[in-house]
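Working notes, structure below.
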Amino acid sequence: MSLRLYNTMGRKMEDFVPITPGKAGFYGCGPTVYNYAHIGNLRAYVFLDILDKTLSFLGYDVTHVMNITDIGHLSGDADEGEDKMVKTAKERGQSVLEIAQFYTDAFFEDFKKLHIRRPDIVCKATEHVQDMIDLIKRLEEKGHTYMAGGNLYFDVSTFPDYGKLACLNLDDLKAGARVEVDQNKKNPFDFVLWFTNSKFENQALVWDSPWGVGYPGWHIECSAMSMKYLGEQIDIHTGGIDHIPIHHTNEIAQSEGATGKKWVNYWLHNEFLVIAKEKGQDAEDKMSKSSGNFLTLQSLIDKGYDPLDYRFFLLGAHYRSQVAFSWPAMDSAKSARKALNQRIAKVVEQNKGDTTTEVAIVLSQAAQAHLDKFTAALENDLATPQALSALQGAVKDNTIKPKEILYLVKKMDEVLSLALLEQAEALYKEKTEVKETHLSDREAEEIRQLLEERTSAKQAKNYARADEIRAELTNRGIQIIDTPQGPQWKRI
Ligand code: AMP
Ligand code: ZN
């Protein structure tokens with residue numbers, strides 16, 4: 001089999017065929033850095049990590065690009081509300097860039113804790129404004145824009161395919177439109193490419209542009225930066241499902257409007273993590289970063305969970321299924337991960353503590369079958385629950401050699417990233433060290449008794465027995481030192 005992915009564009013499973021054979025370029029929408037990432041956001045990035053590592057596992061040369069939104073993202077995705085970054089900066093009495101740096105650092109600390117590989121290219125919106133201006137100019141030249149009330153808008157009526165990702169046509173979108181607040185728009189779905197100071201008079205970060213001093217809209221950054229680093233046509237673009245109707249729909253209009261070419265071949269979207277319904281509550285709670293009421297990775301750590309318990313919890317669900325977070329569910333994940341680590345520690349013990357698996361080994365048929373099952377699960381639209389069960393199957397298979405099992409564990413962990421061998425090795429060492437302490441306690445007691453017997457033998461002038469005891473202890477690597485306080489001993 002080869003890799004098959006569910007493409008939101010067209011809503012069907014498709015074989016993955018990269019633009020350049022052997023290479024895979026993908027762009028994942030990154031965070032807006034005005035607050036800590038919540039555990040829902042982190043689900044999106046664990047999903048990205050699985051995609052990234054699956055592509056590498058399957059032999060693709062991966063280039064993963066992620067943006068950092070540090071300007072232009074308003075509290076409403078459709079140009080309404082306040083700028084999220086500016087609002088936080090004002091509340092804290094800090095600059096927008098200080099806020100951005102602080103939460104970007106915190107974001108990548110979470111990456112480390114969750115064993116998420118840092119994308120190959122991390123690009124900040126504030127450092128790519130010229131690229132955005134250049135792209136907007138191309139849109140302007142092609143007649144996709146208009147100026148109204150001081151802002152430059154994308155005119156969706158010039159892009160007939162608008163809405164194809166969301167599977168909606170413009171008439172449907174119009175029918176379902178919310179009350180529109182921006183009177184400047186010709187069509188409610190038009191969106192801002194460039195704001196001048198007409199919207200926020202005291203915007204902290206502004207740039208000069210052909211349309212006046214101002215700042216870019218949120219959507220243009222992803223079109224501009226993905227094209228800069230991955231070219232005008234890219235293999236894969238990802239994000240949470242909330243991005244389908246507005247953000248990604250607008251990104252497509254901008255990118256394809258400017259180039260006239262199909263932009264992204266595969267659109268992948270992760271479902272949401274919701275807070276499980278509690279008694280008396282009608283619906284699941286959607287976590288929202290802007291409400292400030294959410295769980296962070298640190299809140300899980302504070303409750304005694306390892307970040308890898310959360311990663312394990314997430315891998316137990318397919319990325320396209322909604323996941324309900326609850327503490328009991330976290331407890332189950334924690335104990336299941338512990339049991340898995342203990343099981344692998346047993347295999348380490350059977351392999352006499354040897355965890356070196358670097359040497360490529362020729363796998364038996366049975367071992368190869370486990371690896372094939374694992375690979376097939378990932379190739380089937382990144383089915384991590386099935387990949388985990390292939391791992392469990394391998395670990396429990398006592399018909400294959402322990403060394404083979406450890407090799408499989410290491411191989412599978414290239415994607416799962418649960419530090420399986422390290423954790424099992426640590427458990428094994430803990431156990432053997434305990435054994436050694438017990439052994440030396442017993443040995444010490446025996447030595448003490450032999451020394452007592454020797455003292456009695458000497459008192460009874462039974463020097464033969466006393467010499468015998470000295471010889472026996474020497475044989476065991478123990479030297480007797482007679483002191484005025486009585487005999488002492490040390491290891492030779
Ligand atoms: P933001 O920082 O708000 O731009 O969101 C970062 C990423 O997290 C985006 O890809 C969102 O689609 C995704 N996301 C936001 N909330 C959730 C959630 N509750 N579950 C899963 N993904 C989410
Ligand atoms: Zn984006």
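The values are calculated or read from the model by the stated rules, or taken from the named source; none is laboratory data. The structure displayed is predicted, hence computed values, not measured ones. A quick note on method: Cβ atoms are made from the backbone with ideal geometry, for glycine too, and the neighbour counts reach across all protein chains shown.
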Any residue in region 284-300 that is among the hydroxyl-bearing types (Ser, Thr, Tyr), more than 16 Å from ligand 2 (Cβ to nearest atom) and modelled with pLDDT of 85 or more? yes
Tally of residues being part of a loop (DSSP other than H, G, I, E, B), more than 35 Å from the chain's Cα centre (by Cα) and buried (at least 16 other Cβ atoms within 10 Å of the Cβ) across region 109-158: 2
Give the residues of region 396-431 that are β-branched (Val, Ile, Thr) and farther than 21 Å from Glu379 by Cα, sorted by residue number. Thr399, Ile400, Ile405
Quick check: is even one residue across region 159-174 modelled with pLDDT of 95 or more and either crowded, with 23+ Cβ neighbours inside 10 Å or in contact with a Pro (Cβ under 9 Å, 6 or more places away or on another chain) (or both)? no
Is it true that some residue in region 428-449 is under 28 Å from the mean Cα position of the chain (by Cα), at pLDDT below 95 and not polar (S, T, N, Q)? yes
Quick one: in region 378-427, of everything that is small (Gly, Ala, Ser) and in a loop (DSSP other than H, G, I, E, B), which residue is nearest to the chain's Cα centre (by Cα)? Ser417
Set Thr432, Thr483, Thr455: member being without any contact (Cβ under 8 Å) to a residue 12 or more places away in the chain and of a type in the set (Ser, Thr, Tyr): Thr483
If I filter region 11-33 for residues that are over 20 Å from Leu378 (Cα atoms), away from ligand 1 (no atom under 16 Å from the Cβ) and part of a loop (DSSP other than H, G, I, E, B), do I get at least one hit? yes
Of the residues in region 56-75, how many are touching a Leu at 6+ places or on another chain (Cβ under 8 Å), outside any strand (DSSP E or B) and either surrounded by 22 or more Cβ atoms within 10 Å (Cβ to Cβ) or among the charged types (D, E, K, R) (or both)? 2
Condition broken by Leu388, with the remaining ones in (1) among the aliphatic types (A, V, I, L, M); (2) crowded, with 21+ Cβ neighbours inside 10 Å; (3) in contact (Cβ under 8 Å) with a residue 60 or more places away in the chain; (4) at negative phi satisfied: (2)
Extreme residue, surrounded by the fewest Cβ atoms within 10 Å (Cβ to Cβ), among residues of region 465-491 that are touching a helix residue (DSSP H, G or I) at 6+ places or on another chain (Cβ under 8 Å) and farther than 14 Å from Glu443 by Cβ: Gly486
